[in-house]
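Novice: Quick one: structure below, then a few questions.
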């Protein structure tokens, strides 16, 4: 059977997420550590984001969540990362989206707020970009140019000094949630990893590598760091989904609370700003003011989550509604809200 081919770099959390899922699902693949946009074979792929995966049928795809969902359709039943319970599977979608779009702000903030972190990250990224180059060649202008470009993007992503307390509190809260729950072959929805686990892994793995957030994790959540290392290659994990109600999944519900208090209101404010043609979104999140320029992709994220909830069987949606209401998620996830 033809292999999947994964193009990306080790310093990209979204690449790491796809690679970890390929390993867990034992899907034959080739891992090609290379910037897809710098490679003739994949330069045409849109959107031009990392990673790019060539599927066994020869097609190329980018954007990590659609890639993983396409793999579920491509190889149904083969160590799926979507819980059997459709309500749990939907919650996993919400948590993965929270990781991809909001915990990613934690990564970007810590990576480029301090000079030492920014230079460390720039050297890491550029060493992947310039495969085969001597260290002295990598260390110069390309590293500085990348660092300057990323620092300049902080305002667009919302990683400003004014927003820093909210972003850092998010990181601390996620670590607190996971530290008391994760363990050796213990995951959010049972003894096997889900889409949500891999979404969290992707962002936290990189935070566990950069100097400042790594120090905080090792101080406050050492078992979470161990869990991340194991999840990098979970091909040997044999587990089951938890058959109990969602209320028993303490970490999943706590992460839903975070989504309801911070992430989903942010998505809703972003959508309103885009619809109004505003240049800046303003919203109160977890008792703090938050501003950033609106971002079109995150409007699509909200639309996708609303569509996924609407597509659930009515009985599943009704059973899930009390938890979504209790975590302040329900109202925002309603179409047209």
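Values quoted throughout were computed directly from the atomic coordinates according to the rules given, and no laboratory measurement underlies them. Since we're looking at a predicted model, the values are computed, not measured. Don't worry about glycine lacking a Cβ; one is built from the backbone with ideal geometry, like all the others, and counts go over all protein chains shown.
Novice: Going out from 0 in 20 Å bins, what whole percent of all Cα-Cα distances in the chain drops into each bin?
Specialist: Histogramming the chain at 20 Å steps yields 30, 62, 8, 0 percent.
Novice: Which value at 222 nm does the chain reach when only helices count, each DSSP H run of 4 or more adding -39,500 (n - 2.57), with the total divided by all residues and rounded to the nearest 500 deg cm²/dmol?
Specialist: Helix contribution divided over all residues of the chain: -16500 deg cm²/dmol.
Novice: How high is the relative contact order of the chain, in percent, counting Cα pairs under 8 Å that sit 6 or more residues apart?
Specialist: Relative CO of the chain lands at 18 percent.
Novice: When DSSP beta bridges are limited to those with both residues in the chain, what percentage is antiparallel, rounded to the nearest 5?
Specialist: Antiparallel bridges: around 75 percent, rounded to the nearest 5.
Novice: How high is the FRET efficiency from residue 48 to residue 148, r the C-beta distance, R0 22 Å, rounded to 0.05?
Specialist: Approximately 0.60, to the nearest 0.05.
Novice: Still on this structure: Once the piece of chain linking residue 184 and residue 318 is laid out straight, how much longer is it, given 0.36 nm per residue of separation minus the C-alpha distance between them?
Specialist: The span from residue 184 to residue 318 would gain 44.9 nm if fully extended.
Novice: What's the extension gain from residue 257 to residue 311 if we count 0.36 nm per residue and subtract their Cα-Cα distance?
Specialist: 17.2 nm
Novice: Moving on to the next point. Could you sort the peptides 120-128, 238-246 by per-residue average Cβ neighbour count (10 Å cutoff), highest mean leading?
Specialist: Most protected by this proxy first, the peptides run 120-128, 238-246.
Novice: How long is segment 17-94 along each principal axis, judged by its Cα atoms, biggest number first, in Å?
Specialist: 42, 25, 20
Novice: Which order do the peptides 106-115, 41-50, 23-32 come out in when sorted by mean C-beta neighbours inside 10 angstrom, highest first?
Specialist: 106-115, 23-32, 41-50
Novice: Another question, if that's okay. Be a star and scan segment 240-280 for residues whose amide nitrogen sits under 12 Å from the point 7 Å along the Cα-to-Cβ vector of residue 84.
Specialist: Hits in segment 240-280 for residue 84 at 12 Å: 240-244.
Novice: Subtracting the Cα-Cα distance from 0.36 nm times the residue separation, let me have the gained length for residue 297 to residue 229 in nm, one decimal.
Specialist: Contour length minus Cα-Cα distance gives 21.5 nm.
Novice: Still on this model: Antiparallel DSSP bridges in segment 1-156: what percent, to the nearest 5?
Specialist: Bridges in segment 1-156 are about 55 percent antiparallel.
Novice: Post the alpha-carbon centroid distance, segment 225-275 to segment 1-59, in whole angstrom.
Specialist: After rounding, the separation between the Cα centres reads 24 Å.
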